[in-house]
Amino acid sequence: GLLASSVGVAESFLAVGAVTGVCSLAYARYVPETLAAADSTDDDDDGRRASLLDDSAQRTCLFLHACLNSNYAACLAILPLQCAEVWERAGPLEIGALFSAVSAVGVIGGPLAGILSDRWGRAAVVGPGLGLAATGAACLALAD
């Protein structure tokens, strides 16, 4: 919000996009999971490896991840416009503070959910987590 009010909306989206691009390149270059194994000598199945897309569970996971990212894109595009319309006095700073508060919940809740899922399993944490997310979305929709 502060960036948008100081340099403009288009420029702030351009800056965020540039930072995202730089991060993507850095991830591709330095994250170990993205690096090719230089000393791989695994020649099972005549050197062929099964594609991840051959597994229905992987396809489902990929589809759900695409849905989640579509939700994020919609929230980033639509939610600020809706907030500005509903809260007539809200400027870029106040709307940015709202997004920061949502991010802060994720920063705190993510590690906490990881600890709880290590203790009780993922299934026991996902259901209540989705319930909390739905409750938060409903509260945001009803906010005035």
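Residue pairs whose Cβ atoms lie under 7 Å apart, separated by 6 or more positions or on different chains, with the first residue in the stretch 128-139 and modelled with pLDDT of 80 or more and the second assigned to a helix (DSSP H, G or I), are Gly129/Ala113. Evaluating Arg49 against the criteria (1) outside any helix (DSSP H, G or I); (2) at pLDDT 75 or above; (3) of a type in the set (D, E, K, R) leaves one unmet condition, (2).
Within the set Ala104, Ala141, the sole residue that is over 23 Å from Phe13 (Cα atoms) and either open to solvent by 80 Å² or more (accessible area, probe 1.4 Å) or part of a helix (DSSP H, G or I) (or both) turns out to be Ala141.
Filter the stretch 59-97 down to residues that are outside any helix (DSSP H, G or I) and of a type in the set (D, E, K, R) and give me whichever is modelled with the highest pLDDT.
We begin by selecting, within the stretch 59-97, every residue outside any helix (DSSP H, G or I); these are 87-91.
Now restrict to residues that are of a type in the set (D, E, K, R): 88-89.
Numbers: Glu88: 77, Arg89: 80.
The residue in question is Arg89.
The single residue among Gly109, Gly91 that is in contact (Cβ under 8 Å) with a residue 40 or more places away in the chain and either open to solvent by less than 50 Å² (accessible area, probe 1.4 Å) or more than 18 Å from Thr20 (Cβ to Cβ) (or both) turns out to be Gly91.
The values are calculated or read from the model by the stated rules, or taken from the named source; none is laboratory data. As the structure is a computational prediction, the values presented were derived from the model and not from experiment. Note that each Cβ is placed from the backbone with ideal geometry, even for glycine, and that neighbours are counted across all protein chains shown. Remember, those area values only see protein heavy atoms, side chains included, never the ligands or the DNA or RNA. Shrake-Rupley method; radii C 1.70, N 1.55, O 1.52, S 1.80 Å.
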